[in-house]
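**Q** Before anything else, here's the structure in question.
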Amino acid sequence: YLTFDDETQEQSDRVCVAVIGKPNVGKSSLINYISGENRTIVSDIAGTTRDSVDFDLDNKYGSFTFIDTAGLRRKSKVYDKIEKYSVIRAKAAVERADVCVIMIDALEGFTEQDSKVASLALESGKGCIIAVNKWDAYEKDGKSMDAYRKSLMNDFSFMSYAPIIFISAHTGQRIDRLFELIKYVNEQNSMRISTGMLNDLLSDATARVQPPSDKGKRLKIYYMTQ
């Protein structure tokens, strides 16, 4: 028989976070810093992480389950069965996550592969945060962050709602702020709006702008619901 105890309820309140990105952007370094342990292998050799690793963390910001995913490569670069399995596992990690932290290498900048990784989270309907890692090693002046942010907003114009944060998994720069963003994004993404409120909005919108007509017959929108 099945039992549902307090522990089961507590588990459901956890925010599941998938750390995703192309190989060697610092995903494992971030997991190691957050956990305070060397949970995953960190190497300059891309693709060291082959599987997804979960760990639970409770702090002042809430309860979280982090998933360190294998780096996603271009399909043309997927040579062996282990690599194909890694991609499948990474996609599965995104599917069961509430929030995806999309990591980008500050030194390398935005690439086409970053766009593909982000699209995976977008298509799955997940809350997204764009984390620019290795910011401590980036040569900057007083205007660097604003310029970098504007450039990324253009690159990620297809998901303009996603907040951008500049971090360092090596020094721990802005990791506290990252937790705040994870909690905020999860709350926003899980927000539910009543049908009544949505229909009031629809009524107001159609009063301002009439729906289009075809051959003299106007489109009628009956209701909307989330």
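Values quoted throughout were computed directly from the atomic coordinates according to the rules given, and no laboratory measurement underlies them. None of these values were measured; they are calculated from a predicted model. Don't worry about glycine lacking a Cβ; one is built from the backbone with ideal geometry, like all the others, and counts go over all protein chains shown.
**Q** Just in the range 151-203: which trypsin sites (Lys or Arg not before Pro) are loop by DSSP and have at most 12 other Cβ atoms within 10 Å?
**A** Loop-located and lightly packed - R192.
**Q** Can you tell me which of 201-214, 100-113, 14-27 comes out highest on packing, and rank the rest after it, using the mean Cβ neighbours within 10 Å?
**A** Averaged packing, sorted descending, gives the order 14-27, 100-113, 201-214.
**Q** Sticking with this one: Work out, in µm²/s and without decimals, the Stokes-Einstein translational diffusion coefficient of the range 145-202 at 37 °C, 0.692 mPa s, Rh from Kirkwood over C-alpha pairs.
**A** Rounded to a whole number, D works out at 234 µm²/s.
**Q** List the pairs from K91/K134; K116/K217; K27/K60 whose alpha-carbon separation is above 31 Å, in the order I gave them.
**A** K116/K217
**Q** So what is the relative contact order for the range 143-226, in percent, with contacts set as C-alpha pairs under 8 Å and at least six apart?
**A** 20
**Q** Further question: Could you tell me which residue out of G125, F110, M145 lies farthest along the dipole of the range 108-154 toward its positive end? Charges go on the beta carbon: Lys and Arg +1, Asp and Glu -1, centred on the Cα centre.
**A** Positive-end residue among those listed: G125.
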